[in-house]
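Colleague: Quick one: structure below, then a few questions.
The values are calculated or read from the model by the stated rules, or taken from the named source; none is laboratory data. What you see is a predicted model; the values in this text were computed from it and never measured. Heads up, the Cβs are rebuilt from the backbone with ideal geometry, glycines too, and the neighbour counts pull from every protein chain shown. Side chains included, ligands, DNA and RNA excluded: accessible areas come from the protein's heavy atoms. Shrake-Rupley method; radii C 1.70, N 1.55, O 1.52, S 1.80 Å.
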Amino acid sequence: LNVTDENFVMETLAGCIEYKSLLDVVVNAFYVRDGKYCLFSERNLFVVICYLATFQLEELGLQHFSRIVKSLDTAKMHKFLRFFFNTLNLNTWIKDEWSHFYDSLYVKENWIDPLLRWQPKVQQVIEQLTDKLNNCATIVKTSTVTQPKEFNLTVPKPRAIPVPLPIPSLEKSQPVPPSTYKTPKEKKQLEEIKIQNRRKAEVSVLYSYVILSCKPLVLEYVPVFRSLRTLSGMDNIPIKLNAAAILREGALYQRKMEQELKRVENLLRGARDPSEFLEWQKHMRGKDMEEQLAEIECKRLQGKLSHEEAVLAHQNVIQENKKKADLMREEKAELMHQYAEKRLREQKEMRELVEQVVEGHKNAKQAKLKLQKYKQQIVQEVCEENRELLRQALEEEEEKLRKRYELIQQIRAIESLPSLKNKFVDLTETGGHGLICEMSIVELRERLALLRETQKAAEEEKRDQIIQEKQAKEQLLLDKLDQISLFRAELGRAAALKQEDKKRKSQSGERPVKDERILNLQQKIMEKTMERKKQAELL
């Protein structure tokens, strides 16, 4: 640029910076109202045009100003100049906003009045821009459109109609054989085999229950169960029991034997045989059990009766709910009408409140600008304090690093000194720590050898003791097995006698008669059920 253009550019830049607050008011309002679709990156362009029109129009003259405006985008300049040189805008809100920064009289005399004087001439420039926008027609280059042509394809011959295939006739089905509705012979054979297998399983269970895993016991019971073994067809495979099972069963039989001996002694001394009492007690318990079962059946029937009553009550509640629902619908329609009237009143009050808030926003802008200046001042003070604190911290850190470097140098100097690494050890001398239990390494080795010999002798003695205990335990187990075999034989005979007695009693038993309460409850349940069905048919 030459000197004149460079001076003009520098003066314009300085003016835009100096009067930034005034220019921002106009440009921001333009973006809110007429310049909604303008790019924000072109904001500085509108700032420069606003500055030239406000402060440099007298010096430039209308010709130079119009030349600058016409060199830019026509539509954007037309929108901005029509917005800025609007008489109503200049006399109202632009004047009021600029009066917040400068005196209102000064604003009117130096800026608003000159703009109003230039307004008719600038209006001519705006009309020229309008004509230019109306006359400029966009020339669209018409390109030749490709005309599609059909392909020269061979016309296919018409296809012949295929001859329909004959429908195959279904073969005549064979009648159902009569054996389908008869029970097969295999099923009867399977039932017979099932019965035979069940008998064999019962025999094998009884056989395995009596015979123990010990071989001497098996030899004792071989003659007794020879017939069972021939029926079942099974080999004599003994089952080995562990020591805990043998001792547990031996202790059980020992307790039973002691109880039986005690009972016999009591009888010899003149005590009474409790068998009659036990029989009476068993009879009374059976009677109590029958009463409990009858009571349970009564409770069950009472529950069923209450269920029927609840169903009837539920049906009555449904009818009442229908009546209540009709009443609620009428109340709901009335409430909706009242709610609509209330909403209309609230909307009217809201419009009045919005108008009051809009008036309050105008007064809030002044307070916002004062608060912004106060915050900027506080930020500057805080930045200065932070710089001072940072400088002090750097000085303290440098001092710490210097002291650390000196300490490292001293440690390295100490480590560089030579030291004696070889040390001669005498195994016959003590450590010299002044303790009563101190000993040399040679004495320690001798004591360890003596301790090993003593430990080995103790292990041999303990091993002999374990062998003797094991032999005694094996002898005890053999004695217990002999005792168990005797008791099992006696228990088997007693169980067989008891089973026969139980069968005789079960055959001679009578069927209990039903309780009268149960019969009455059943009759009531039938009546309630019939009433509920009639009520359901009516509903």
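Colleague: What's the percent breakdown of Cα-Cα distances in the stretch 3-137 across 5 Å bins, shortest bin first?
Modeller: 2, 9, 20, 24, 23, 15, 6, 2, 0, 0
Colleague: Any chance you could look up the accessible area of Glu397 with a 1.4 Å probe, heavy atoms only, rounded to 10 Å²?
Modeller: 90
Colleague: Let me ask you something else. Of the listed pairs Lys36/Lys370; Lys194/Lys502; Lys76/Lys132; Lys322/Lys342; Lys76/Lys362; Lys188/Lys505, which have alpha-carbon separations greater than 24 Å here?
Modeller: Long pairs (Cα-Cα over 24 Å): Lys36/Lys370; Lys194/Lys502; Lys322/Lys342; Lys76/Lys362; Lys188/Lys505.
Colleague: With label points built 7 Å along Cα→Cβ from the Cα atoms of His100 and Glu192, find their separation and express it in nm.
Modeller: Distance between the two pseudo-spin positions: 11.7 nm.
Colleague: Follow-up question, since we're still on this one. What ³J(HN,Hα) values, in whole Hz, does the Karplus curve 6.51 cos²θ - 1.76 cosθ + 1.60 give for the stretch 455-468 when θ = phi - 60°, with x put for Gly and Pro?
Modeller: 5, 5, 5, 5, 5, 5, 5, 5, 4, 4, 5, 5, 5, 5
Colleague: Take the Cα gyration tensor of the chain, multiply each eigenvalue by 5, square-root it, and list the three semi-axes largest first, rounded to whole angstrom.
Modeller: Output for the chain: semi-axes of 111, 65, 41 Å.
Colleague: Could you check the spin-label model distance between Arg33 and Leu88? Points 7 Å from the Cα along Cα→Cβ, value in nm.
Modeller: In this crude spin-label approximation the distance works out to 0.8 nm.
Colleague: So what's the gap between the Cα centers of the stretch 476-509 and the stretch 245-293, to the nearest angstrom?
Modeller: That distance is 15 Å.
Colleague: Can you tell me the accessible area per residue over the stretch 3-137, all protein chains present, probe 1.4 angstrom, in square angstrom?
Modeller: 57
Colleague: Roughly how much of Leu491 is accessible, in Å² to the nearest 10, using a 1.4 Å probe?
Modeller: In the full protein context, Leu491 sits at about 80 Å².
Colleague: Excluding ligands, DNA and RNA, what is the solvent-accessible area per residue of the stretch 275-368 at a probe of 1.4 Å, expressed in Å²?
Modeller: Accessible surface, normalised per residue, equals 91 Å².
Colleague: Quick one: if the Förster radius is 51 Å, what FRET efficiency do Glu388 and Thr4 give, using the C-beta to C-beta distance and rounding to 0.05?
Modeller: That gives a FRET efficiency of 0.60.
Colleague: If the convex hull of the alpha-carbon atoms of the stretch 275-368 is projected onto planes in all directions, what is the mean projected area in square nanometres?
Modeller: Taking a quarter of the hull surface, the average projection is 17.7 nm².
Colleague: Would you rank Ile411, Ile126 by solvent-accessible area, highest first, keeping every protein chain in place and using a 1.4 Å probe?
Modeller: Ile411, Ile126
Colleague: So if I average 1/r over every pair of distinct C-alpha atoms in the stretch 397-510 and take the inverse, what Kirkwood radius in Å does that give?
Modeller: 25.1
Colleague: Could you give the dipole magnitude of the chain about its Cα centre, charging the beta-carbon of Lys and Arg +1 and that of Asp and Glu -1, in debye to the nearest 20?
Modeller: Rounded to the nearest 20 debye, it is 3820 debye.
Colleague: Any chance you could look up the accessible area of His64 with a 1.4 Å probe, heavy atoms only, rounded to 10 Å²?
Modeller: So the heavy atoms of His64 present about 90 Å² to solvent.
Colleague: Which of the trypsin sites (Lys or Arg not before Pro) across the stretch 35-125 are loop residues per DSSP, with 15 or fewer other Cβ within 10 Å?
Modeller: Lys36
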